[in-house]
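See below for the structure under consideration.
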Amino acid sequence: MNKIYLVASREFKTRVQKKTFLLSTIGLPILIFGFYALMIYFQVKTTDNFKVAVSDQSKLFNGKIDDKKSTEVIFSFIDADTAALNKKLNNQEYDAYLFIPNGYNLQSGEPQIAFRSSKALGLMTREKIENRISNALEEKKLLALNISKGQLDSARLENNAISFTTNDGKKDNETKVGISYAVGMIAGFLIYIILFVYGTMVMRGVMEEKVSRIAEVIVSSVKPFELMLGKIFGIGAVGLIQFIIWIVLVFGLQLLIPVLFPDVAAQMQSAPIQPGAMGAATAVKESGALQGIMAGLAEINFTLVIGCFVFYFLGGYFMYAALFAAVGSAVNEDPQDAQSLLLPIMMPIIFAMVIMTKAVNDPNSTLAIFGSLFPLTSPIVMMARVAHGVPDGVTVVQLIASMALLVLGFLGTTWVAAKIYRTGILMYGKKVTWKEMWKWAFKNN
Amino acid sequence: MHNILELKNLQKHYATQKAVDDVSFSIKQGSIFGLLGPNGAGKTTLLRMITGIFYPDSGDLLFDGKPFDPQNDFVHIGYMPEERGLYKKMKIGEQAMYLAQLKGLSKSESLEKIKYWFKKFEMESWWNKKVEDLSKGMSQKLQFVTTVLHEPKLIILDEPFSGLDPLNANLIKDEIYGLAQRGSTIIFSTHRMEQVEEICDHIILMNLGKKILDGTVTDVKQQFKENKFNVQFKGQPTELASPIFTIEHQEKQQLIVKINEGYTSNHVLNYLLQQDVLIERFNEILPSLNDIFIHLVEGSKATTRAFQNN
């Protein structure tokens, strides 16, 4: 046990002390965040005192668009034809103009209202202008039909929508299903990436030991099984640390959002929790939907999802890492050999990904149930089901059975992999096939 | 001196062949033991069983008088395999610490011993260098240090001098003698026969998984001697034909003779003295281990087997 710890701590230290680790763990997320922040910044950037000339030829608005007092967009009514307006635009007296042609028909919307600006509008400005004008138009139209705004609002009231409930009386709301879908998808996809990234890291570590010919030196003091486990634990710890740093970074950077984008922050203030800063920023379009998302997120059992995520992350990683280690031990200098040997390991992972995309839609289908129980696919597929909650997405029995099977699967692959590893790591200069690896694993030697 | 290691009918099979086939021998504590054999003879497999990396299929292995228990006895063994290496990206000091701790030493013990050996080999300035910055000879020295620094009772060195210049080879050689004097036993596996002759007390020759020769270097040479003598003389012999010996090679003042059955070296000397020459040198030509090796291995299927083994 002490030796596994020694091996693991070496694996951990040598990786964490590398410059590339710092770069990929801290540098990369900051870079990505900065990139997104810049993109969002330019998209949502609003110009203050955006002056819009309104030439209302058909006297539709009676000198004002609405009652809003905004300094961002200022509508001022003038009487001019398009040629004169264009000229004013060119002289930069106004940033844009709105031209409502003579004889504008409210019902048909003909002839079309024209909006012209001197340069392309920022996302936020455009939204604001569009909202204000179309709201004003809508009101005018309703008035023409003799419907007041109040009447319309009561007709539109959300609570007269159909009430979706499940058999146990719980409310089944649409946004929650949508959010579950997203959470399941993201969690499943993360595990998929973890399996690949850290699995190949284990494989490369084993190959390094073999290629640099240190394996036999080490194996004379440590049992091959201990060496393999130590390596898997050490790299697993690196992965865990990397993830924790990323989560801390995401939450930390999110605190920066209000500082960088006061507008976005204002939109988010009414929301109960503030996850996914970037997602929220692009969803500012309609604060109603945003609040729905927040409410949906609040309904997700995050303790369950995060708990399961950690379990399946570790379980899946340990199970696959052993297989990756076995492949690494069988490969010689030529990394090309690894490709063909890896295929049988990558197949179930990719297969799991396919089942997962089905399972987020229909967490209780036979395929989803099978996929979430079968250890080679369960780490990815189960995340999709867990996101829908217990017992909506998955029953307690199935969850426990899946976890137990994963532990068994982990023990199984580790046992098989250890036997391949033991033989492979001391085998030099020979190209190994799956048939031979099978022999090492299941014949006594 | 008691036996540090005893092998009794040790066997190890691979799918297609017997890698080690019924091998028995024993090694005395404090001796320097040579394990010889052509490629593919089963030396590496044998060494891997002695180090606990492989388990024998059958037979007994006694370490220090007790059945070999790799789990506990590994601390008393230092193994420098033929296929050896170090972590390239790791600092030399950390690497030595790691390997020492894997051998069961505590942190402080490791540090103390590494400092001692680094000082001895003038490697102190290397501590923060990486292995990839070392020359082959330098990393070989480091490898040797990491093999012996936990003061093992049994040190196994597979081709320890490959890649070393004569200066460093001598340094290591002296250390090997020193370790043997302090009670460590050394198993030395190589193809370089002149080194074996120089260093080893006792040798074993393996071929095709079997032990084909076992004895001290002197015994083995005696066993394979061909009764050849080298004679150097001054003067002109009157006659050089006698039933006592056959001339193998003749130069102006030198003869190589093979003594015929039923005669001894004294007969030859007597005969030569009567030939009115001044004998300057008269010595027996013992076969070199190299000759014995080639003589024994040649003609067997060793080469084909070595090929299969890869």
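Among the candidates A:VAL432, A:VAL397, A:VAL407, the residue that is under 30 Å from A:MET207 (Cβ atoms) and in a helix (DSSP H, G or I) is uniquely A:VAL407. The number of residues in segment B:87-97 that are under 23 Å from B:GLN71 (Cα atoms) and either within 10 Å of chain A (Cβ to nearest Cβ) or surrounded by fewer than 20 Cβ atoms within 10 Å (Cβ to Cβ) (or both) comes to 2. The single condition among (1) aliphatic (A, V, I, L, M); (2) over 30 Å from B:ALA100 (Cβ atoms); (3) in contact (Cβ under 8 Å) with a residue 12 or more places away in the chain that A:ALA84 does not meet is (3).
Scanning segment B:156-199 for residues that are touching a Lys or Arg at 6+ places or on another chain (Cβ under 9 Å) and charged (D, E, K, R) yields B:ASP158, B:GLU159, B:GLU175, B:GLU197, B:GLU198.
Taking the listed residues A:MET383, A:MET427, the one that is under 30 Å from A:VAL222 (Cβ atoms), touching a residue at least 24 places away in the same chain (Cβ under 8 Å) and not hydroxyl-bearing (Ser, Thr, Tyr) is A:MET427, with no other qualifying. Suppose we keep only residues that are among the small types (Gly, Ala, Ser) and buried (at least 20 other Cβ atoms within 10 Å of the Cβ) within segment A:405-434. Which one would you say is nearest to A:PRO344 (Cα to Cα)? If we take residues in segment A:405-434 being among the small types (Gly, Ala, Ser) and buried (at least 20 other Cβ atoms within 10 Å of the Cβ), then A:ALA417 is nearest to A:PRO344 (Cα to Cα). Annotation note: of A:SER221, A:SER212, the sole residue that is within 9 Å of another protein chain (Cβ to nearest Cβ) and buried (at least 23 other Cβ atoms within 10 Å of the Cβ) is A:SER221. Tell me, which residue of segment B:1-26 that is within 14 Å of another protein chain (Cβ to nearest Cβ) and more than 21 Å from the chain's Cα centre (by Cα) is surrounded by the most Cβ atoms within 10 Å (Cβ to Cβ)? My answer is B:LYS12. Applying a threshold of 6 Å to beta carbon distances and a minimum spacing of six or more residues, or different chains, the list of pairs starting in segment B:45-71 at a residue that is under 26 Å from A:MET427 (Cβ atoms) and more than 13 Å from chain A (Cβ to nearest Cβ) and ending at one that is among the aromatic types (Phe, Trp, Tyr) and surrounded by 12 or more Cβ atoms within 10 Å (Cβ to Cβ) reads B:LEU61/B:PHE68.
Pairing residues of segment A:315-330 that are buried (at least 24 other Cβ atoms within 10 Å of the Cβ) with residues that are not in a helix (DSSP H, G or I), at Cβ distances under 6 Å and at least 6 apart in sequence or on separate chains, gives A:SER329/A:ILE425; A:ALA330/A:VAL432.
How about segment B:4-34: which of its residues are among the hydrophobic types (A, V, I, L, M, F, W, C) and not in a strand (DSSP E or B)? Correct list: B:ALA15 only.
Across segment B:98-133, the number of residues qualifying as buried (at least 21 other Cβ atoms within 10 Å of the Cβ), within 14 Å of chain A (Cβ to nearest Cβ) and closer than 26 Å to B:ASN170 by Cα comes to 4.
Just to be sure, is B:SER189 closer than 15 Å to B:PHE293 by Cβ and either surrounded by fewer than 18 Cβ atoms within 10 Å (Cβ to Cβ) or in contact with a helix residue (DSSP H, G or I) (Cβ under 7 Å, 6 or more places away or on another chain) (or both)? Yes; evaluated as a whole, the condition is true for this residue. Within segment A:7-53, the residues that satisfy the criterion of being in contact with a Gly (Cβ under 9 Å, 6 or more places away or on another chain) and among the aliphatic types (A, V, I, L, M) are A:VAL7, A:ALA8, A:VAL44. The C-beta contact set for segment B:220-249 (first residue among the aromatic types (Phe, Trp, Tyr), second residue in a loop (DSSP other than H, G, I, E, B), distance under 9 angstrom, 6+ apart or interchain) comprises B:PHE224/B:LEU286; B:PHE224/B:PRO287; B:PHE233/B:GLN253; B:PHE233/B:GLN275; B:PHE233/B:VAL277; B:PHE245/B:ASN227; B:PHE245/B:ASN260; B:PHE245/B:TYR263. Of the residues in segment A:30-40, not one is away from chain B (no Cβ under 14 Å), surrounded by 15 or more Cβ atoms within 10 Å (Cβ to Cβ), closer than 19 Å to A:ILE133 by Cβ and not acidic (Asp, Glu).
Readers should treat all values here as calculations from the given coordinates under stated rules, not as data from a laboratory. Every value quoted in this text rests on a predicted model; they were computed, and no experiment measured them. So basically every Cβ, Gly included, is an ideal-geometry build from the backbone, and we count neighbours across all protein chains shown.
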